[in-house]
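Before any comments, here is the structure.
The values are calculated or read from the model by the stated rules, or taken from the named source; none is laboratory data. Because the structure is a prediction, the values reported are computed rather than measured. Ideal geometry is used to build each Cβ from the backbone, glycine not excepted, and the neighbour counts take in all protein chains shown. Just the protein is used for accessible areas: all its heavy atoms, side chains included, with ligands, DNA and RNA removed. Shrake-Rupley method; radii C 1.70, N 1.55, O 1.52, S 1.80 Å.
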Amino acid sequence: MLTTIRPRSEGDFWLAQAGGISPAMLFSPTRVRETWRSLQAALPGVTLYYAVKSNPYTSLLTTLVDEGACFDVASAPEIQALLPLGVPTQRMIHTHPIKTITDLEASIELGVTSFVVDNLDELWKIAPYRNDITVMLRLAFVAPDAPVDLSRKFGAQPDDAMNILQIAQQMGITIDGLCFHVGSQAQSANTHRLALLKTVEIAQEAADLGIANIERIDMGGGFPANYSNKPVDFEAFCAPIREAMASVPSHIRLMAEPGRGISAPSMTLVARIIGRSKRQDDTWWYYMDDGVYGAQSGRIFDHIDYPMTIFTEESGTPGRAVFAGPTCDSIDRFGDTELLPELSIGDVIVIHEIGAYSIATACNFNGVAPPVIIDLEDDNNVVRLFA
Ligand SMILES: Cc1ncc(COP(=O)(O)O)c(C=O)c1O
């Protein structure tokens, strides 16, 4: 656990940012703009579609609308969240490989025309709408260095691509794109590079066989957060992708769907200790007002160890401690640590870079409300502060 201990009095600064409310998520539009621009600069000529699923908070979406972003949606409700913000459906792609008929129909009705398939059954599902939509075929490539693997659940094997493309052609379905997602929080872009090279090869083979005219390749997400509160050097991270981009023929447009890399650094959680007890093995249990049913589900779902700053008056002998959330569920615990000073009720805990897959999954389990979100002023960069 990346944990820093600071004097309790300094915690009041963070509580003040949150208007005295805890738990609260501080949202920084500045941070969104910075990460968006730096990823865009690292991928020249690539159209970025922000993955709404990673954090659909309206102010975040609005900030990206101002940046001229396009959007990756996974459902009709995500489309409906964007429409009032003035995003035309031409700037949205629906990327869920397995859709319900109801969602497919609603999404088409709302005006989205770009969809994804990764198997033959899904081709049958979209067949009735083939005249209104174009389709990307999702292929599976696994990044060994990404803790969140998406290539088991989704994606056709590259060896099956020709077969699916050929059947789509026979069914009159236009597959004009290939896409992949190497897994979230990839530690390098090496798999992006290999996958891009392979999809270019597949596009060429499909053209040679006359079974598909691939005009776009979508590199998905997997652009990481640092979880150390230093901005990711996207220029360096994307170097292997830029290298592979040199092999992409000029008639193929490139796209990507970043989620975590953009949303993670945009939010900071301000929480407090609401209870404590020394339990078995002489271990202190510290209960926070936010837990895995609130903003911290990524600890379980994505195995993320968020950097955290604890504001406390150091006292007593450092000892074993466990943190827990405010609900009654035994799984709502995290952060076992060996040498923590004794903490007190009211101590402030600030968790950094917690904007991705956090508030998006938070629920009201046990009647405990998720953290409130507080919009920081546009040029307020306190989320950068890392004690
Ligand atoms: C289809 C698709 N695109 C993009 C993303 C965003 O990925 P990341 O947050 O790793 O950038 C996801 C995440 O699950 C996804 O499923």
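For the reader, a short list of remarks on this structure follows.
- Test: residue in the range 178-190 that is assigned to a strand (DSSP E or B), among the aromatic types (F, W, Y) and within 20 Å of L48 (Cβ to Cβ): yes
- Residues of the range 127-149 satisfying the condition of being touching a residue at least 60 places away in the same chain (Cβ under 8 Å) and in a loop (DSSP other than H, G, I, E, B): A143, A146, P147
- Single residue of L197, L209 found to be more than 14 Å from the ligand (Cβ to nearest atom) and either over 29 Å from the mean Cα position of the chain (by Cα) or buried (at least 20 other Cβ atoms within 10 Å of the Cβ) (or both): L209
- When the helices (runs of 4 or more DSSP H) confined to the range 202-285 are screened for residues that are under 19 Å from P29 (Cα atoms) and assigned by TED's automatic domain parsing to the domain that holds A42, those reaching at least 1 such residues are found at 234-237, 260-263.
- Failed item in (1) of a type in the set (K, R); (2) modelled with pLDDT of 95 or more; (3) away from the ligand (no atom under 16 Å from the Cβ), with R260 passing the rest: (3)
- Test for E215: is it open to solvent by 20 Å² or more (accessible area, probe 1.4 Å) and within 19 Å of V32 (Cβ to Cβ): no
- Strands (runs of 3 or more DSSP E) fully within the range 1-120 counting 1 or more residues that are of a type in the set (S, T, N, Q) and either open to solvent by 60 Å² or more (accessible area, probe 1.4 Å) or closer than 18 Å to M219 by Cβ (or both): 46-51, 114-117
- Scan of the range 166-183 for residues that are within 11 Å of the ligand (Cβ to nearest atom) and either open to solvent by less than 10 Å² (accessible area, probe 1.4 Å) or in contact with an Asp or Glu (Cβ under 6 Å, 6 or more places away or on another chain) (or both), ordered by number: C179, F180, V182, G183
- Test: residue in the range 278-294 that is of a type in the set (S, T, N, Q) and either within 16 Å of the ligand (Cβ to nearest atom) or buried (at least 19 other Cβ atoms within 10 Å of the Cβ) (or both): no
- Filtering the range 331-378 to residues that are within 16 Å of the ligand (Cβ to nearest atom), open to solvent by 40 Å² or more (accessible area, probe 1.4 Å) and on the phi > 0 side of the Ramachandran plot leaves only Y357.
- Residue within the range 26-39 that is in contact with a strand residue (DSSP E or B) (Cβ under 8 Å, 6 or more places away or on another chain), in the same structural domain as F237 (by TED's automatic domain parsing) and over 21 Å from H352 (Cβ atoms) present: no
- Of residues in the range 118-165 being farther than 18 Å from D72 by Cα and of a type in the set (D, E), the one nearest to the ligand (Cβ to nearest atom): D149
- Test: residue in the range 140-163 that is of a type in the set (S, T, N, Q) and under 18 Å from the mean Cα position of the chain (by Cα): yes
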